[in-house]
Amino acid sequence: MALQPSSGGPRRIRVGDGPLARTLLIGTVLLVTALVLVAPLIAIFAEAFRQGIGAYAASFADPDTRYAIGLTVFTALIVVPINVAFGIAAAWCIAKFRFTGRNLLVALVELPFSISPIIAGVAYLFVYGAQGLLGPWLEAHDIKIMFAVPAIILASLFVTAPFVARELIPLMIAQGSEEEEAAVTLGAGGWRILRLVTLPNVRFALLYGAALCNARVMGEFGAVSVVAGNIRGQTNTLPLQIELLYQDNNAIAAFAIATILTAVALVTLVAKAIIERLDARRAALTGEPTVKVAAKAGH
């Protein structure tokens, strides 16, 4: 609100209150949004359907493309539940307990956000590759990790590890542990407290984190491109298949497949909006902080 002096003097004008400044700010934001976000989305769907529905549908008939879709979904089905479980455990540990090394654990949880995915992929090569730390032992026991599906899963696990925990930690800290302590005094065990008390209180943050994790798994390129080997029909996920198709001058098929990842991103945004609305309604009824408010307070 603008400040009104008690002496009845002139109203204090805020920065951007003038009509010209407001118009310039709104116009700049809309222009940047149109150029950076809207235009690329329109270009993807325009190129994908440029030769009609038939050509678009034919792009998915390629066996390598179908395999890439299946491998991407398979990877997400493994990575997302594991990172959900990891996020719950890490958030519970950090938010509910005080121990030596707690800040270090927080830093380790958020480490993948500060490391380039390509560097993460190279690090896995140094550990599991043929010349890596465990490479000779793995080769001696005929265990193949690099340039195979396990490497894709490991790389995806690393880059998406913080998403669920990052949403849960500030909310759990803001909510405190009074309800869990009350449940303990009533004789409830740890698993029962987690299932009936803790998880219901953070369900919207958990859903939001899982949605973000899923979108990142399906769209991850950097780390996966290093460890997968780009073997057609064997280790190609959707982002890698899009790159190969574009390099093969098959732009229509590349953009057609790109619409899948674009749709995943759009669905994630819609899910985010729905979750935030439901969370705001819950906060209004209970008086507890929303996921967004808790996240801001936590950072």
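The values are calculated or read from the model by the stated rules, or taken from the named source; none is laboratory data. Computed from a predicted structure; not experimentally measured. Virtual Cβ from ideal backbone geometry, glycine too; neighbours counted across all protein chains shown.
Go over the candidates ASN236, ASN249 one by one and state the one that is in a loop (DSSP other than H, G, I, E, B), more than 14 Å from the chain's Cα centre (by Cα) and in contact (Cβ under 8 Å) with a residue 40 or more places away in the chain. Even if it seems obvious, please write down each step before you answer.
Details: ASN249 fails: in contact (Cβ under 8 Å) with a residue 40 or more places away in the chain.
Criteria check complete, one pass: ASN236.
Looking only at segment 228-272, count every residue that is among the β-branched types (Val, Ile, Thr) and either within 16 Å of ILE152 (Cα to Cα) or outside the structural domain of MET218 (by TED's automatic domain parsing) (or both) and tell me the total.
Summing the residues that are among the β-branched types (Val, Ile, Thr) and either within 16 Å of ILE152 (Cα to Cα) or outside the structural domain of MET218 (by TED's automatic domain parsing) (or both) in segment 228-272 gives 3.
Looking only at segment 74-106, filter to residues that are farther than 20 Å from LEU206 by Cα and either assigned to a helix (DSSP H, G or I) or not assigned by TED's automatic domain parsing to the domain that holds ILE193 (or both); which one of those is nearest to the chain's Cα centre (by Cα)?
Going through the qualifying residues, I end up with PHE74.
Enumerate the helices (runs of 4 or more DSSP H) found wholly within segment 141-192, keeping only those where 2 or more residues are touching a Pro at 6+ places or on another chain (Cβ under 9 Å).
149-160, 162-175
Across segment 101-137, which residue is nearest to ILE169 (Cα to Cα) among those that are polar (S, T, N, Q) and free of Cβ contacts under 8 Å to residues at least 12 places away in the same chain?
Applying the filter and picking the extreme gives ASN103.
Can you give me the number of residues within segment 181-221 that are under 10 Å from the mean Cα position of the chain (by Cα) and of a type in the set (A, V, I, L, M, F, W, C)?
7
The rows are residues; the columns are (1) surrounded by fewer than 17 Cβ atoms within 10 Å (Cβ to Cβ); (2) not hydrophobic (A, V, I, L, M, F, W, C).
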| residue | (1), (2) |
| --- | --- |
| VAL159 | no, no |
| GLU167 | no, yes |
| PRO170 | no, yes |
| GLN175 | no, yes |
| THR185 | yes, yes |
| THR198 | no, yes |
| LEU206 | no, no |
| LEU212 | no, no |
| ALA223 | no, no |
